[in-house]
Amino acid sequence: MRKKIIGIVGCGAIGSSLTKAIVKDFAKEAKLCGLYDLDKHKAEILSRKLSGKPGLAVDSLGRIIRESELVIEAASANVSWNIARAALSSGKDVMIMSVGGVSGRLKQLRALAGKNNSRVYIPSGALSGIDAVKAAHAGRIDKVILTTTKNPLSFKGVKYIVDKGIKLDKIKKETVLFSGKARDAVKYFPQNINVAAVLSLAGVGESKTLVKIIASPGVSRNTHEVRVVSPAANIFTRTENVLHPDNPKTSFLAVLSAVAMLKHILEPVVIGT
Ligand SMILES: NC(=O)c1ccc[n+]([C@@H]2O[C@H](COP(=O)([O-])OP(=O)(O)OC[C@H]3O[C@@H](n4cnc5c(N)ncnc54)[C@H](O)[C@@H]3O)[C@@H](O)[C@H]2O)c1
């Protein structure tokens with residue numbers, strides 16, 4: 001089997017885990033052509049961990065795009081759309097982790113990928129039930145609600161909370177911080193941006209997907225509940241996420257979901273929707 005050539009953009013918790021998976025678990029199916037991070041030191045450290053040498057670290061995004069067949073973006077929502085656009089325009093496939101940056105751009109992604117004969121992969125991330133949402137959406141969905149519950153301290157520094165004058169350390173019982181459209185949730189709660197964006201892209205879009213964000217003292221796991229009402233099925237999923245040891249803002253399952261998507265891309269048998 002010919003190996004798929006992969007380039008990684010962003011060498012943090014997700015990029016590092018994917019890089020290790022490519023080298024250790026997918027050595028027969030894939031080959032790394034480079035690691036790029038805004039902080040070159042991080043790419044060099046990761047390269048040394050894998051091969052004992054800094055050689056895989058490259059200093060330009062352009063080089064990653066030129067040399068890869070699949071570009072994996074695991075950097076930031078500020079740049080994910082530009083990276084996806086550049087990769088797709090060069091006829092390369094792209095896996096996008098910073099989904100908030102492409103939220104609302106499904107049409108553009110489809111058009112670019114279609115024109116250049118390339119593909120876009122968006123893992124489910126820290127959310128279960130995306131398979132069922134996709135299946136239900138092949139028919140009709142009447143309602144989608146995402147309820148996210150986190151410890152109040154997870155919302156520290158969020159501008160929306162500061163502007164509303166909410167004192168997070170004074171929250172003693174479950175408190176609804178936001179209830180509205182996914183489009184506004186991703187704007188006001190950047191930490192929640194990926195789950196709301198993935199759910200919107202998989203189903204009825206940002207303006208029809210409803211999001212409720214709750215602060216609850218005493219909880220240590222980021223919990224996401226998805227409720228879907230459709231003629232085919234009523235769906236309810238609940239995911240209690242353990243945080244990733246390398247980045248407490250990222251759920252462990254989101255990292256594993258990216259590895260599972262890679263498996264989906266590289267292996268000949270695909271299981272699940
Ligand atoms: N889809 C999901 O479910 C999901 C879940 C968690 C995190 N994420 C997103 O995935 C991305 C990566 O998450 P992480 O936990 O690995 O973050 P991280 O902070 O551990 O790592 C991000 C890395 O990207 C680098 N970086 C930032 N901007 C860059 C740029 N313009 N070009 C190149 N490198 C750049 C940083 O230096 C850092 O090393 C984030 O945007 C995060 O929001 C998605």
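Got at least one residue in the range 99-109 being buried (at least 16 other Cβ atoms within 10 Å of the Cβ) and at pLDDT 95 or above? Yes - at least one qualifying residue is present in the range 99-109. Is there any pair linking a residue in the range 198-211 that is assigned to a loop (DSSP other than H, G, I, E, B) to one that is hydroxyl-bearing (Ser, Thr, Tyr), with Cβ under 9 Å and at least six apart or on different chains, and which? Every condition considered, the pairs that remain are Gly203/Thr209; Glu206/Ser103; Glu206/Ser200; Ser207/Ser200; Lys208/Ser200. Confirm whether Ile141 is in the same structural domain as Pro217 (by TED's automatic domain parsing), more than 30 Å from Ala260 (Cα to Cα), away from the ligand (no atom under 16 Å from the Cβ) and modelled with pLDDT of 95 or more. When the stated conditions are applied, Ile141 does not pass them.
Looking only at the range 64-85, decide whether some residue is more than 10 Å from the ligand (Cβ to nearest atom), under 30 Å from Arg183 (Cβ atoms) and polar (S, T, N, Q). The answer is no; no qualifying residue exists. Exactly one residue out of Lys49, Lys20, Lys40, Lys24 is charged (D, E, K, R), within 21 Å of the chain's Cα centre (by Cα) and closer than 25 Å to Pro248 by Cα, and it is Lys20. For the range 1-57, the set of residues classified as polar (S, T, N, Q) and in contact with a strand residue (DSSP E or B) (Cβ under 6 Å, 6 or more places away or on another chain) consists of Thr19, Ser47, listed by residue number.
Restricted to the range 239-273, and to residues there that are part of a loop (DSSP other than H, G, I, E, B) and in contact with an Asp or Glu (Cβ under 8 Å, 6 or more places away or on another chain), the residue that is modelled with the lowest pLDDT is Thr273. Looking across Leu88, Leu32, one residue alone is more than 20 Å from the chain's Cα centre (by Cα) and under 20 Å from Ile265 (Cβ atoms). It is Leu32. Annotation note: of Leu35, Leu70, Leu18, the sole residue that is surrounded by 20 or more Cβ atoms within 10 Å (Cβ to Cβ) and free of Cβ contacts under 8 Å to residues at least 40 places away in the same chain is Leu35.
Within the range 212-238, the set of residues being farther than 27 Å from Lys167 by Cα and assigned to a strand (DSSP E or B) comprises Val226, Arg227, Val228, Val229, Asn234, Ile235, Phe236, Thr237, Arg238.
The values are calculated or read from the model by the stated rules, or taken from the named source; none is laboratory data. Predicted, not measured: the structure shown is a model, and the values here were computed from it. Note that each Cβ is placed from the backbone with ideal geometry, even for glycine, and that neighbours are counted across all protein chains shown.
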